[in-house]
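Where a number appears in this text, it was derived from the coordinates with a stated rule and is not lab data. Being a predicted model, the structure only gives us computed values, none of them experimental. As a convention, Cβ positions derive from the backbone with ideal geometry for all residues, glycine included, and neighbour counts pool all protein chains shown.
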Amino acid sequence: MLKQHLQFKLSQKLSPQQIQLMKLIQLPTQAFEQRLKQELEENPALEGGKEEIESDYDSDLDNSTDDFNDGDSINTEDINVDEYLSDDEIPDYRTQANNYSADDEEKTVPYAAGTSFTQSLIDQLNTYRLSDEEHDIAEFLVGSVDDSGYIRRSLSDIMDDLAFTQNIYTTEDKIEHVLKIVHQLDPAGVGARNLQECLSIQLHRKEKTLDIELATNIIDEAFEQFTKKHYDKLIQKFDVSEIQLKDAISEIERLNPKPGGSYSGNNRIVEHIVPDFAIKIVDGELELTLNGRNAPELHVSREYHNMLKTYKDSKDKSSSKDAVIFIKQKLDAAKWFIEAIKQRQQTLFITMSAIMHYQSDYFLTGDERNLRPMILKDIADEIDMDVSTVSRVANSKYVDTPYGTKLIKEFFSESMKNDQGEDVSTREIKKILETVIEEEDKRKPITDEALALILKEKGYPIARRTVAKYREQLDIPVARLRKKM
């Protein structure tokens, strides 16, 4: 049985304008330029640059767009925000290498033509006398070399692939024989299956001296002790002095652990960072500026405005209804986009200004120990905006400071109590920890337990496991691996 009843429901929906604004805010400068270019190409009612128009232009445009409602207004539909904001594809800006401001001359950076790493190895193979089968195996092995110069696959897997993909039925011993030929190619160490083999290949190709012979024996016979820096065991095993061991280790340290990375033909596109903000110190005061490339000059096309007025004056409006709806959509989209850009500029500037003043001690001195504990909510409360908005600004934007270009999210950190009960930034503790480790005696590196005691003496009572966590975040190895002769 059907029943009728009234239900009150309160819901919030994001309009297309709001979603557009959120997407624009999270874009860094280069991505924003690409988005702007795309919008200019897709919407003929949107134009760039300045245009001198009458003062009543905007009011005429508003009145014109209101005369054709006819029940065909653009409705806001239910929108899945997560789906709308997600972008699994690689953004265009990450594949661009040309970075210049709008007032620069348009220049195209030429790319040097060269031989690829793989082709260089194949060209070297052609200088060897190999049977057809050996040459095919060698080419397959060369094709398996990664950018670092290693073959990271087992011989059994390579043997199976040769059989299934190349119709070459061979043995692991035959592949091992051909692999030794690949090891003779340049750069030295290419085709190695692990770091030990890579270093061994390079040492065996050097002119034999006492230091080289000892270094070769260390890599071939005591690689584990070497990696763990058990120098006493190495001295005992090879019956050498500390000076001899030190000289041998110096030879090893001169080797290239990634021979493929040194190949001059491995040209890669470098992604340049374009800062979204700039902070300068002027007469002892901080001055914030927004990158001019984030503030383009846009206006609504006057031609489209005139077209709409023409249809407005037309007597037969029914026959031109589709054209009117199309023009209205483009004009509305242009106005929305221009307004969204203005709001984007304002949001970026207000957010960064709040961060700058919150961390003024750091920006005036450049000392990371002056960074205050700061989380997203601190800035969101100060500028009366949502935490997600602050997050979008912080996660993808860079600021040019007197101390280098920094990612804004690096200024955010959690707090920790010192021995006086004051809140200090974890960044401050990490900086002190890094300084202590840099100044330690490398012959006797400081353990995590000792580091915790040192920090406690400096007024930062933290546990050993916390020291270990911060050390790992700083990409600093344990004491044993920091030891030097």
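Give the peptides 368-375, 394-401 in descending order of average Cβ contacts within 10 Å, highest first.
394-401, 368-375
Take the residue pairs 37/406; 174/237; 258/483; 174/228 and return only those whose Cα atoms are more than 31 Å apart.
Violating the 31 Å limit, Cα to Cα: 174/237; 174/228.
Residue 41 to residue 484: extension gain in nm, 0.36 nm per residue of separation minus the Cα-Cα distance?
Between residue 41 and residue 484, full extension yields an extra 153.5 nm.
Given N residues in the stretch 318-458, what is its alpha carbon radius of gyration divided by 2.2 N^0.38 Å? List each step's numbers first, then the result.
Details: Rg = 23.5 Å, N = 141, 2.2 N^0.38 = 14.4 Å.
The reported ratio for this selection is 1.63.
Kindly put 146, 322 in sequence by how many other C-beta atoms sit within 10 Å of each C-beta, fewest to most.
Lowest count first: 322, 146.
Which ordering of 152, 302 is given by a fewest-first count of other beta-carbon atoms within 10 Å?
152, 302
Would you kindly state how much longer the chain becomes between residue 302 and residue 329 on full extension, computed as 0.36 nm times their sequence separation minus their alpha carbon distance, in nm to one decimal?
My answer for the length gained is 8.2 nm.
Of 231, 171, 181, which is farthest along the charge dipole of the stretch 117-262 in the positive direction, counting Lys and Arg as +1 and Asp and Glu as -1 at C-beta?
231
Quick check: pseudo-label points 7 Å beyond the Cα along Cα→Cβ at residue 123 and residue 193, how many nm apart are they?
In this crude spin-label approximation the distance works out to 3.0 nm.
Of 128, 358, how do they rank once you tally other Cβ atoms within 10 Å and put the fewest first?
In increasing order of surrounding Cβ atoms, one gets 128, 358.
Dipole of the stretch 117-262, Cα-centred, from +1 at each Lys and Arg C-beta and -1 at each Asp and Glu C-beta, to the nearest 20 debye?
440 debye
Taking 0.36 nm per residue of sequence separation and subtracting the Cα-Cα distance, how much length would be gained by fully extending the chain between residue 367 and residue 475, in nm to one decimal?
36.9 nm
Report the calculated FRET efficiency for residue 244 and residue 405 (r = Cβ-Cβ distance, R0 = 35 Å), to the nearest 0.05.
0.15
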